[in-house]
Structure formats: structure tokens, C-alpha cells
Amino acid sequence: MVLIAALFVLSTSASDARRVLVVENASSEASVEIATKYMKARGVKNLLKIQCQDSSLDAGKETLPYATFKTAIETPLRAFLADHPQIDFIVLTKGTPIRLTGTPTGVAGNQPSLDSTIASLDYSERKDTSLISLSDSGFTGKAWVNRFWNSKERFSHAKFGGYLVTRLDAYTVDEADLLIRWALDAEKNGPAGTILLDTAPGHGLGDTKLVPRSITDSDGKGKAVLGELNYNEYDADMVVAGKLLEQKKVPVTVDLNEAFVGRKADLMGYCSWGSNDPKFDAEGYKLLRFSPGAIAETAVSTSARTFLPTTGGQSLIADLIQGRVTGVKGYCDEPLLQAVASPTILFDRYTSGWTLAESFYAASRLTGWEDIVIGDPLCCPYRKR
């Protein structure tokens, strides 16, 4: 704790800290502990204490009924935000449920992430937002078009609406606490390591000239209609991201071989198909190791279905957190491929000095959907010194 407290002075301005709200589940010891450490480390004063079921020890409690969310979280949160219009970032912590049921948005029309629901909190009240219907591969649902998607301008709630919501979560409280330390270490020492983009060449390669695909171009008339992206389009996005990073002289490896790349260390960034890669190496995935400040994304439908130890199912981002990644995006339920963050936008913004939260949200097409972003929203190792 001494290390974190000492670093905060070096890495956080008072103006940054004013933009952050921490939401603490007072019913969860884990939530309280992580919230306290984060606020001290970053000098954040804005705290909202809520009370709901503690999800830190029981996977069955990671899902919260929407009616309970409305009364226990949304109502006090809206009241706090009304009195604090400067808030842009909202931080949740382990012990706060990750998923809602019975909601107006989300896959099957009722189960988005709690995080992404908060991110779109005021979208229904604005005239410049679009609620779209998604239907593909047997999955249907509704989501909001993210107004910050592919923005060239830095985020503010006042301009874009919504909020950039991240959480500090992992298999254990200690691992969640380390997310804070890695962010601060990266800002003190700067980025170090290579960004690894691991394609699955069996898909073929999509048209790199179309990267990144817009939210509104799928019918050619500018309407907010999305179909599932072709798998080869995501590989094309990784290839374009690699070329862009090379131009910026950021160390990057774009792997175009069939073998899944695992067991790599000193990574500053990572993108792959995870367990959807035909050659997936589960042990190699769990042995990936990251440098402080590293961010990651995997095209895996349920990569954030739980933050508690489990067996079976698709690969989990919690294993990457255990490998010391500082920020990562995942999904509590089937998001469809168009919801997965664009590698080109994600790594371009991050290596240009944008914050972790800004980078993930600028790269994400939807909100009020299945998305969960892990990490300190203010983490910014590429900020000009």
C-alpha cells in the first residue's frame, strides 16, 4: 500500500481524480477493500455506497435482477450524478454483480452486463442516440449505438453522454488490487514490451480497406443496422492495427500462422481469438505474461461470464488478469462479433496517450450490451511526458 500511495502523486492530477466516481458495494468486504485502495491510490474523493448481493464468493450472485438494480444502484447513482456533473468515469469493484436479468437491452432482450447498462445510463433520455436490434446466429437483442465509437475527440459526459465504466475485478481481491499497481507502475516507468496480435488464418483475410467497419454502413444507407461481422474481418482489423503500430514505431508482432501463440512474456498488448482459435492452447493462454500497463481483447463470447474460479467453457479474461494484464475487455454473454473492440482503434488510441477507458470505449460499437471493461480507467502509460 505504501508503494501505491507514493505513486499516486506522480500519476494523477486533481482534475483527473474529480472526473472519477467509485461505486462501492457496502455489502461486500471485497468491494470495500478494493474501492478504498483505489481511491487512496488515485486521490479520488467521489464515492457512492450502494448495497446489493455480494458477488465476490458465489457465482450464483454475479447476476442481479433488473428491478433490484433499479432501486439499489440506479436510483442512488442517478441522484449522485445529478449533483456531480463533472463525472466521466465510473469504477465498480469485485463484489458488485456483473450481469442483469429482465432488462430492456441485452442478448435475448434481458441480460446485459451491469457495467454496460450504467455506461448508457442517460441514452434513453437523449435525442441523439439510437437503439438498435441485433439478430444473428440465433441470438437477438437490443443495444444502444455507442456515441463515442471511433471518436477522434477525447471523452466527456457533457459532449457524448453516457459514462466510461470499468471495474477492478479478478479471481481474488489481491489480483484486483494489482490492477491498480500495474497502472501506476506503467505511468511512472512508461510502456515496455511488444503488442501481440494473433490471427487465425483459417478464416482468410477480410478487406483491410474496410477496417474498422462502421456501425451504420451495413445496409449502405447510413442506418443503424448491424449484422454479424465475418470472422475474416476481425483478422483484417488485427492486420491493420499491426501496420498502424509499426508506423508509430510501437513494438508489435502480427502472427499470421495457424498455431496459437501462447507462453509469451513482456507483452504490452494482446489480441486473439482465445478459445475460438481452432488451434487454441489453453495452457499456453494461461501462461501469457504482461508488462505493467498492458491491455488485451479476445474475440470470445463469454470471456467475462464469471470472475470466480471455474472449469470448462470458453477462455476467460480472468486468466489474463492473473497473468498481470492491466486492462482487458470481455463479455458476460454472447455479444456477436461486432461488439468486440476494434484492435485498430483500441491500440491506436491507447498508444496515442488516451486513457485505458477511452481506448476501450472508442473501439466498441455498442453500449447497454454485454461488455465489461477491466482496469483503472485513468491508466495512461503512453501519455506524453
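Restricting the search to helices (runs of 4 or more DSSP H) fully inside the stretch 28-130 and requiring at least 2 residues that are among the small types (Gly, Ala, Ser) gives 29-42, 75-83, 114-119. Going by the conditions given, is Tyr361 modelled with pLDDT of 95 or more, closer than 24 Å to Pro212 by Cα, open to solvent by less than 10 Å² (accessible area, probe 1.4 Å) and not β-branched (Val, Ile, Thr)? Taking the combined requirement at face value, the residue does not satisfy it. Restricting attention to the stretch 101-138, the residues being open to solvent by less than 30 Å² (accessible area, probe 1.4 Å), among the charged types (D, E, K, R) and farther than 30 Å from Asp174 by Cβ number 1.
Could you tell me whether Pro343 is crowded, with 24+ Cβ neighbours inside 10 Å and touching a helix residue (DSSP H, G or I) at 6+ places or on another chain (Cβ under 6 Å)? Yes, satisfied. Just one of the listed residues (Ile321, Ile345) is of a type in the set (A, V, I, L, M), under 27 Å from Lys94 (Cα atoms) and in contact (Cβ under 8 Å) with a residue 40 or more places away in the chain, namely Ile321.
State all residues of the stretch 241-277 that are of a type in the set (Phe, Trp, Tyr) and closer than 16 Å to Gly206 by Cα; if no residue qualifies, say none.
Trp273
Among the candidates Thr216, Thr253, Thr302, the residue that is modelled with pLDDT under 95 and of a type in the set (Val, Ile, Thr) is uniquely Thr216. Do we find that Pro335 is surrounded by 24 or more Cβ atoms within 10 Å (Cβ to Cβ), in contact with a strand residue (DSSP E or B) (Cβ under 9 Å, 6 or more places away or on another chain), modelled with pLDDT under 95 and not polar (S, T, N, Q) in this structure? Here the answer is yes, as Pro335 does meet what is asked. Annotation: of all residues in the stretch 62-100 being under 21 Å from the mean Cα position of the chain (by Cα) and of a type in the set (Val, Ile, Thr), the one that is most open to solvent (accessible area, probe 1.4 Å) is Thr63. Note on the stretch 161-179: among residues that are charged (D, E, K, R) and open to solvent by less than 10 Å² (accessible area, probe 1.4 Å), the one that is nearest to Gly368 (Cα to Cα) is Arg167.
The values are calculated or read from the model by the stated rules, or taken from the named source; none is laboratory data. Since we're looking at a predicted model, the values are computed, not measured. All Cβ positions, glycine included, derive from the backbone under ideal geometry; neighbour counts span all protein chains shown. When the accessible area is computed, the model is the full protein with side chains, heavy atoms only, and any ligands, DNA or RNA have been set aside. Shrake-Rupley method; radii C 1.70, N 1.55, O 1.52, S 1.80 Å.
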